[in-house]
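Take a look at the following structure, please.
Taken together, the values in this text are just the output of simple stated rules run on the coordinates, not laboratory data. Quantities reported herein were computed from a predicted structural model and do not represent experimental measurements. Reconstructed Cβ throughout: ideal geometry from the backbone, glycine too, with neighbour counts over all protein chains shown.
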Amino acid sequence: MKNFTQSLVGFVGFIALTFAATTIDRSQALAAGSGNQLMQNQTHWYEKAAEVGPAAKGGSLVLKTGSFLYLEGDSTLHKYQMHANALQGSATVPAGDLLKALKAGKVEAMTLVVPLKDLKSRESGLDDNANKALKSKENPEITFALKSETLKAGAAADSYVMTAKGNLTIAGTTAPIVLKADVTVKDGKVELKGDQKLKMSDFKVTPPSISLLVTAITCTDDIDIHYDVIFGKP
């Protein structure tokens, strides 16, 4: 269930990066240059909570408010981010003690979905290239489906680490992944937080490139999916 999203969230950075972008996000530039600790600890635009909904009916747990996921990549120009403005997710866990069920590996099903129409950067050119690279018309979603999970105690009290095995589908190609997430279980909710490194080429996505008069801008193959997702009772 974590690391979720190889996003999440791939999930997707595959994304032609900014071909049209010529400046670093203003909030990043200010934080880097000011030395102001408060500014450096601010929540960036791509870390805001997404609108959430169930991935399918019938799950005993659904995605809850406060969940977020974003993708981050690099290029020969600069780094870029894409934020999931909407997420869908649900899980099926036996009734009873949630933590006990997770420790026993009894999660029967779990799905996290990123609708591509809601995956946005701050640059329309990047969004257009991302949709082309990910073939969004034919494959409108990025999906992670859990196959099995194990839960072990973490370094801090009442903290856990989950290893989740599942299938990630991006641009119509499905590949197995293993995610590791930091887990907190409280008040009938389970929160999974982590990041997952992916390669576009693993999903048959070619890193986009654009040629200009004096140079070329090319996205790197590597992307990171950052996620913090919360599941709880409907």
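Pop the C-beta distance of T76 and A155 into the FRET formula with R0 = 45 Å and round what comes out to the nearest 0.05.
Between T76 and A155 the formula returns 0.75.
While we're looking at this one, here's another question. What size of dipole, in debye to the nearest 20, comes out for the stretch 111-179 about its Cα centre when the only charges are +1 on Lys and Arg C-beta atoms and -1 on Asp and Glu C-beta atoms?
The dipole of the stretch 111-179 has a size of about 140 debye.
Continuing with this model, one more query. Out of H78, S121, G59, whose Cα points farthest toward the positive end of the dipole of the stretch 48-151 (charges: +1 Lys, Arg; -1 Asp, Glu; placed on Cβ)?
Checking the options against the dipole of the stretch 48-151, the answer is G59.
Any lysines with Cα under 22 Å of the K106 Cα? List them, leaving off those in the same chain fewer than 8 positions away.
Hits, sequence-local ones excluded: K2, K57, K64, K147, K152, K165, K180, K186, K189, K193, K233.
Sorted by mean Cβ packing within 10 Å, highest first, what order do the peptides 113-125, 183-195 take?
Highest mean packing first, the order is 113-125, 183-195.
What is the fewest-to-most order of E138, E47 by other Cβ atoms lying within 10 Å of their Cβ?
E138, E47
Please report, in debye to the nearest 20, how large the charge dipole of the stretch 26-232 is about its Cα centre when each Lys and Arg carries +1 at its beta carbon and each Asp and Glu carries -1 there.
340 debye
Give, as ranges by residue number, the residues of the stretch 48-92 whose backbone N falls under 14 Å from the point 7 Å along Cα→Cβ of T215.
Within reach of a label on T215: 75-79.
I've got another one for you. In whole Å, what are the extents of the stretch 26-232 along the principal axes defined by its C-alpha atoms, from largest to smallest?
63, 45, 26
A further question follows. Can you sort S201, S75 from fewest to most other Cβ atoms within 10 Å of each residue's own Cβ?
Result, fewest neighbours first: S201, S75.
Let me ask you something else. What FRET efficiency would be calculated for the residue pair E47, T174, taking the C-beta separation as r and a Förster radius of 30 Å, to the nearest 0.05?
The calculated FRET efficiency here is 0.60.
By the scheme Lys and Arg +1, Asp and Glu -1, what is the net charge of all other residues having a beta-carbon under 12 Å from that of I223?
Residues near I223 contribute -4 overall.
Separate question: I need Y80, Y160 ordered by Cβ neighbour count within 10 Å, fewest first.
Y160, Y80
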